[in-house]
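Below: the structure, in structure tokens.
The values are calculated or read from the model by the stated rules, or taken from the named source; none is laboratory data. Owing to the predicted nature of the structure, the values given are computational and were not obtained by experimental measurement. Note: accessible area is taken over every heavy atom of the protein model, side chains too, but ligands, DNA and RNA are not part of it. Shrake-Rupley method; radii C 1.70, N 1.55, O 1.52, S 1.80 Å.
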Amino acid sequence: MKRAKKSNRKSKDEEMTLVDCYYIPTVIAEQFRLLREHCALEVEKELAALFPKVTRERREDVGEVVVSYDQNDVMTCEITLSPIEVSKLEKEISADRLKKYIETKIKD
């Protein structure tokens, strides 16, 4: 019986692609980019209804974040676009609970 040779090359399923500052499996990277952008736009829309200034900013440790500021330019909310956060946002958007979720992230 022949043994299968182990290859030092990673299989296509194991290849990774850098999205923002996170490595995502290449096979789902494009889908993740689209989902991430959709979630970011939905978050921006909800925050814009509550605060006068909403921007996307880069943080060295977590990558891109959606940030809102009040009329005094004080940060009121910061939501990362990490894979874990995007997964949470997707669930909240699907369940029509995004506004409630964002309210839990607003700094008092």
Tell me the carbon and sulfur percent of the accessible area for the chain, rounded to whole percent, probe radius 1.4 Å. 50 percent
Spherically averaged projected area in nm², based on the convex hull that wraps the Cα atoms of segment 60-108: 3.9 nm²
Per residue solvent-accessible surface (Å²) - the chain, probe of 1.4 Å: 73 Å²
Which value, in Å² rounded to 10, gives the accessible area of residue 91 with a 1.4 Å probe and all protein chains present? 130 Å²
For n ≥ 4 DSSP H runs only, could you compute -39500 (n - 2.57) per run for the chain, divide by its residues and tell me the 222 nm figure to the nearest 500? -13500 deg cm²/dmol
